[in-house]
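Novice: The following block contains the structure, expressed as structure tokens.
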């Protein structure tokens, strides 16, 4: 089983996986039939094709602390150093984003390019998450408003449909997993940018006002990135509803189905473009619906989304946002720029000093002044990754690797548990030979 930097113990075998490189891992397993006590159990979400493996103690306290990990206290005291239980939750949701990538048809020569490769009923299984306890209940599509130039038809590899499969909604329906999680969880997962049309939408980076049906306060002026809003609200009349319409309809259905349940959560996650869509989705549903369960965004490598008014409204709605950021990833520093005092205070890489109010107002009128949202978990690439290209620093697998190894900003990224695991292996080997 390929599980980097994790110790696995069961009542049938003892195995340890030692780190080799960040991308490939070597394994060795020692069978110890005399060791029958299960010390650690393997998570349902651990599977052979995963780039990491989740392990949970038998005395798992997740059900008691789930609101903490979902951000009810804004993750205070959990990020630096990174709490191990929160780490496992972040990696678990990262697997849902990996499934969004794994289900997408990347073959431009295929008639089904840019669609989902699997039917809903088997998607989790096909992506290695068959034992996750979740089932896919809705496919999600995003439609681009930009028109591709005609000359692009001469290049088949640049084929770009107007509407593409971009993610899914999944509901936890396994009672054992619901008990472990402490609630029924709904996941909305988005992939990142793939098609040419989506890349062109990303370039439309000026801020634009939200439509009236996304405004909660008439006096506020929330604005978001133009291309992002376009992908969220554009539809093909009579054929494909907008992503916004699909999300709203699904939220209504979910709330009707599970309105009698005491504990419910909505977790929206995504990478890159998907991270931005996750934040916009959270804003939309918390503005549109009342009496929602707890709504949390876990975003990986996301660009900026909106202005200060957008952030204020997001916080007012009670949405909790945890942005996982690689400090070497330039995508997290675009588009636009940040001049807000609160942002400068919370971002170590901010270089903009306090500006006179008249100049700040003038710059905001240019529609290029963004604001950071939520809480940030800042990671740093190791030299082996930093020396690579920008794409590697932005890659989702890099993010999950960094989360899996991060301890704190002031310590070595190698977790102490991994060192302890090695010594525990030696002790168990000696114990086995004694008997």
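Novice: Out of everything in region 269-295 that is under 18 Å from the mean Cα position of the chain (by Cα) and surrounded by fewer than 24 Cβ atoms within 10 Å (Cβ to Cβ), what residue ends up being farthest from residue 218 (Cα to Cα)?
Specialist: Kept after step one, since they are under 18 Å from the mean Cα position of the chain (by Cα), are these residues of region 269-295: 269-285, 294-295.
Applying the additional criterion that residues be surrounded by fewer than 24 Cβ atoms within 10 Å (Cβ to Cβ) yields 284-285, 294.
Working: 284: 15, 285: 17, 294: 25 Å.
Only one residue tops the list, namely 294.
Here is a yes/no grid of residues against (1) surrounded by 12 or more Cβ atoms within 10 Å (Cβ to Cβ); (2) part of a helix (DSSP H, G or I); (3) touching a residue at least 60 places away in the same chain (Cβ under 8 Å):
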site: 142; (1), (2), (3): yes, no, yes
site: 147; (1), (2), (3): no, no, no
site: 152; (1), (2), (3): yes, yes, no
site: 157; (1), (2), (3): no, yes, no
site: 165; (1), (2), (3): yes, no, yes
site: 168; (1), (2), (3): yes, no, yes
site: 171; (1), (2), (3): yes, no, yes
site: 178; (1), (2), (3): yes, yes, no
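Novice: Okay, moving on. Tell me which residues, restricted to region 316-335, are touching a helix residue (DSSP H, G or I) at 6+ places or on another chain (Cβ under 7 Å) and either buried (at least 21 other Cβ atoms within 10 Å of the Cβ) or within 12 Å of residue 402 (Cα to Cα) (or both). Let's see the steps before the verdict.
Specialist: Applying the first criterion (touching a helix residue (DSSP H, G or I) at 6+ places or on another chain (Cβ under 7 Å)) to region 316-335 yields 317-319, 321, 324-326, 328-331.
Scanning region 316-335 gives 319, 321, 324, 325, 326, 328, 329, 331.
Novice: Of everything in region 196-235, what is surrounded by fewer than 19 Cβ atoms within 10 Å (Cβ to Cβ) and farther than 24 Å from residue 164 by Cα? Give them in sequence order.
Specialist: Selection gives 209, 212, 213, 215, 216, 217, 218, 219, 220, 221.
Novice: Identify, from the list 407, 373, 403, the residue that is part of a helix (DSSP H, G or I) and either modelled with pLDDT of 85 or more or farther than 30 Å from residue 67 by Cβ (or both).
Specialist: 403
Novice: Return a yes/no flag: does region 256-277 have any residue that is part of a helix (DSSP H, G or I) and over 30 Å from residue 85 (Cβ atoms). Show your work before the answer.
Specialist: Residues of region 256-277 that are part of a helix (DSSP H, G or I), as a first pass: 256-257, 273-277.
Applying the additional criterion that residues be over 30 Å from residue 85 (Cβ atoms) yields 256.
Yes, region 256-277 contains at least one residue that is part of a helix (DSSP H, G or I) and over 30 Å from residue 85 (Cβ atoms).
Novice: Sticking with this structure for a sec: Against the condition under 22 Å from residue 320 (Cα atoms), in a helix (DSSP H, G or I) and at pLDDT 95 or above, how does residue 64 come out, does it pass? Can you show your working first?
Specialist: Details: under 22 Å from residue 320 (Cα atoms): yes; in a helix (DSSP H, G or I): yes; at pLDDT 95 or above: no.
No.
Novice: Continuing with this model, one more query. When you scan region 180-217, how many residues do you find that are within 24 Å of residue 144 (Cβ to Cβ), in contact with a helix residue (DSSP H, G or I) (Cβ under 8 Å, 6 or more places away or on another chain) and assigned to a strand (DSSP E or B)?
Specialist: 5
Novice: Just one of (1) farther than 30 Å from residue 337 by Cβ; (2) at pLDDT 95 or above; (3) more than 20 Å from the chain's Cα centre (by Cα); (4) assigned to a helix (DSSP H, G or I) trips up residue 123, so point out which.
Specialist: (3)
The values are calculated or read from the model by the stated rules, or taken from the named source; none is laboratory data. This one's a predicted model, so the numbers in the text were calculated from it and none came from an experiment. With ideal geometry, Cβ positions are generated from the backbone for all residues, glycine too; neighbour counts draw on all protein chains shown.
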